[in-house]
Amino acid sequence: MTTLNVDSSNVRVKVKAPVSPLAKRSAIAGWLMLAPWLLLFITFTVWPLFMAAGLAGSQTFGPKATTPVGFGNFRNLLADPLFLVACKNTILYTLGSLFIQLPLALGLALLLNRPDIRARAFFRLVIFSPALVGAAFSAMMFAVILEKRTGLLNLILNRLFGWDVQFPWLQEHILPSLIIASLWQWTGFNMVYFLAALQNVRQDLLEAARLDGAGPIRRFMLVTLPAIKPVGGFVVLLSVIGSMQLFELPYIMLSSSGGPENRGLTVVMYLYQQGFEAGDLGYASAIGWVLAVFLMMLALVQRKVSGDSEVQT
Amino acid sequence: MNTRISRILQSGVTHAGLVFVSVVFLVPFLWLIATSFKTNSDVAESVLLPVGDGLFGVAWDRLNLDGYRKLFNESPIWSGMIASAFLASVTAVCATLLSSMAGYALAKLRFRGHKLALGLVMAAVIIPGPLLLAPGFVVLHKMGLLDSYWALILPAAAPAFGVFLFRQAAIGAVPDTLLEAARIDGCGEVRMFFMVALPLLRPMVGAFMLITFLGVWTNFIGPQVVLQTPGKFPLAVVVAQLRGTYYQEYAMMMAGTLMSVLPVLILFLMLQREFISGLTSGAVKG
């Protein structure tokens, strides 16, 4: 950031003397090139954002009928049992994917990063490929894979370990179902990030630590982990942001509902139901703000923890 | 000698583990293909292909195309494919063009308000999409854009994240000296972007186009909220509606899913290097 400032002031000093039209030309061109993006951005992001502030303070029925309610929406949210269930489900799912998926992704990345691995590109491709499927489509797949009598998972577990073919994944164990489906879909995606991060680990340091008698675990803790920490923080943040916005997977898998006893209801699904099924766009906006504030706080914490290394240039 | 044996053993175990993991990740795909050709009763009876006395012990004659026939005759899958292909490619091109121009301008040109615009981009990167869902709907309603493709293309054509990525790429890949030289030769600023900067940004252009394409292709909530006419639905919505409430036609559901997933998988296989480098560049550079 600072170096950039110095640069620009230098240029300005140089330009000020005889070639001033050049700076003017650059300014016009700059706005010209920014304009198309800025126009759409203001219309479809900034304007809705301001509107979201107003909406959150009103009760609506569809886009036309509104009544102001002040902070009523937020007060109602705190006492709304369905919203609290949605928060609980979403947070449990997020923790599940954080503590199961990310260690697995890191472990696979460490394995794939070993120099003696053959067909590395093939393994990476296979493990990454579910990330291309898209949540709506993987929801369709897992709606059948996790079916009671006909589903792939129960059938395979039954053949291998005599598991109960009638095990009710989608009828009772919805949270584990969601975690399994997203494990298949996103582990490889996170692995690719960790693999990229592992390229920052200095081989000479690892070798030196090995010569000094440090075992594999100590080498990992002292050399590898500090080197991948910045990207690791980014991956954790990305994973939490993605998980907290879970919608398509349960919505489609559970046939457009939160499932039995709303065990698959998530925050964004509740936002969708309130806004577009019940028609209260104000209440939906209030839910959106709660989510946004929560995620922004997390992003701030992550920036503090990882020393602002990603966002700056 | 001893260390060599243990090293070979270790490498063998690692490879075996990776093969096992790959099989676990591949099986749902193989099952998806197999299920799209099976009858409902065979889905329950066999894991992948139905067992019988045909070649390799598989009952090939019990596989059929009924799922595909139903899919193409009874659901708007064709119009879904056309809609998805149209929306994804138009949005990818527009979003890449607009954000590369804006990102380059913020990286390489100095103008009044430059700081403000940059701050706007940085703030916008962390706004979660669902917050804009309800107010975005009101804005689209006010502009009379509901139930049209514009409502999906225009908002997606101005991603803050794209500007952020292209600004970083331009800082790294476009040298100021080159721009100075072109300026002295009398090259106009906009022309300079297309002739000098854009070729240097090519890797990011490819990656960002792919990422945007994939994002639009798999987007469900956007079209679900904005579109009302079934004939306009893209694949994600069409396929999600293949799920019956009481009776499930597994073959048809999986045929539809396969038809939606396959084009993207093929595209990715052809362009995978650019894709992966693009995905990780936001995290690793900087």
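Readers should treat all values here as calculations from the given coordinates under stated rules, not as data from a laboratory. In this text, all values refer to a predicted model and were calculated from it rather than measured experimentally. Glycine gets a Cβ as well: all are built from the backbone with ideal geometry, and neighbour counts include every protein chain shown.
Say each of A:F74 and B:C187 gets a label point 7 Å from the Cα, pointing the same way as Cα to Cβ; how far apart are those two points in nm? Going from the A:F74 label point to the B:C187 one covers 5.2 nm.
Going by the alpha-carbon gyration tensor, a ≥ b ≥ c the square roots of its eigenvalues, is chain B rounded (a/c under 1.5) or, if a/c is not under 1.5, prolate (a/b greater than b/c) versus oblate?
Taking the square roots of the gyration eigenvalues as a ≥ b ≥ c, chain B is oblate.
Using a/c under 1.5 as the rounded threshold, could you call chain A rounded, prolate or oblate? The axes a ≥ b ≥ c are square roots of the C-alpha gyration tensor eigenvalues, and prolate needs a/b larger than b/c, oblate otherwise. It is oblate, given that a/c is not under 1.5 and a/b is not larger than b/c. Applying a DSSP loop filter and a limit of 15 other Cβ atoms within 10 Å to the trypsin sites (Lys or Arg not before Pro) in region A:103-154 leaves A:R118, A:K148, A:R149.
Peptide A:184-190 is shielded by partner chain Cβ atoms: per residue, an average of 2 of them sit within 10 Å of its Cβ.
Comparing mean-square fluctuations of B:I211, B:I184, B:I153 from a GNM of chain B with C-alpha springs under 10 Å, the top value falls on B:I184. Calculated mean residue ellipticity at 222 nm for chain A: -21000 deg cm²/dmol, from DSSP H runs with n ≥ 4 weighted as -39500 (n - 2.57), summed, divided by the residue count and rounded to 500.
Relative to the current alpha-carbon distance between A:D204 and A:M221, full extension at 0.36 nm per residue lengthens the span by 4.5 nm. Between A:I228, A:I217, A:I252, the Gaussian network model of chain A with springs among Cα atoms under 10 angstrom shows the greatest mean-square fluctuation at A:I217. Phi angles of region B:218-231 translate, via the Karplus equation with coefficients 6.51, -1.76, 1.60 and θ = phi - 60°, into HN-Hα couplings of 9, 5, 10, 5, x, x, 4, 7, 8, 8, 10, 7, x, x Hz per residue; Gly and Pro are given as x. Taking a ≥ b ≥ c as the square roots of the eigenvalues of the Cα gyration tensor of the protein assembly as shown, is the shape rounded (a/c under 1.5), prolate (a/b larger than b/c) or oblate? Oblate, because a/c is 1.5 or more while a/b does not exceed b/c.
Binning all Cα-Cα separations of region B:80-215 at 5 Å, short to long from zero, yields these whole-percent fractions: 2, 9, 17, 18, 19, 14, 10, 6, 3, 1, 0. Applying the Karplus relation 6.51 cos²θ - 1.76 cosθ + 1.60 with θ = phi - 60° to region A:254-268 yields 3J(HN,Hα) values of 9, 6, 6, 8, x, x, x, 6, 6, 5, x, 6, 10, 4, 5 Hz, where x marks Gly and Pro.
According to the calculation over all Cα-Cα pairs in region A:175-313, the P(r) per 5 Å bin from zero is 2, 8, 14, 14, 14, 14, 11, 8, 6, 4, 3, 1, 1, 0 %. Close amide H partners of A:Q59, meaning residues 5 or more places away or on another chain with modelled amide H under 5 Å apart, are A:T67, A:V69. Every Cα-Cα pair of region A:191-241 was included, and the share exceeding 15 Å stands at 47 percent. With the Kirkwood sum run over all distinct C-alpha pairs, region B:157-254 has a hydrodynamic radius of 17.2 Å.
Beyond 28 Å between alpha-carbons counts as too far, so tell me which of A:K148/B:K38; A:K24/A:K304; A:K229/B:K115; A:K148/B:K70; B:K142/B:K232 fall in that bin.
Table pairs above 28 Å Cα-Cα are A:K24/A:K304; A:K229/B:K115.
Restriction of the chymotrypsin sites (Phe, Trp or Tyr not before Pro) in region A:25-87 to DSSP coil positions whose beta-carbon has at most 15 other beta-carbons within 10 angstrom yields A:F71.
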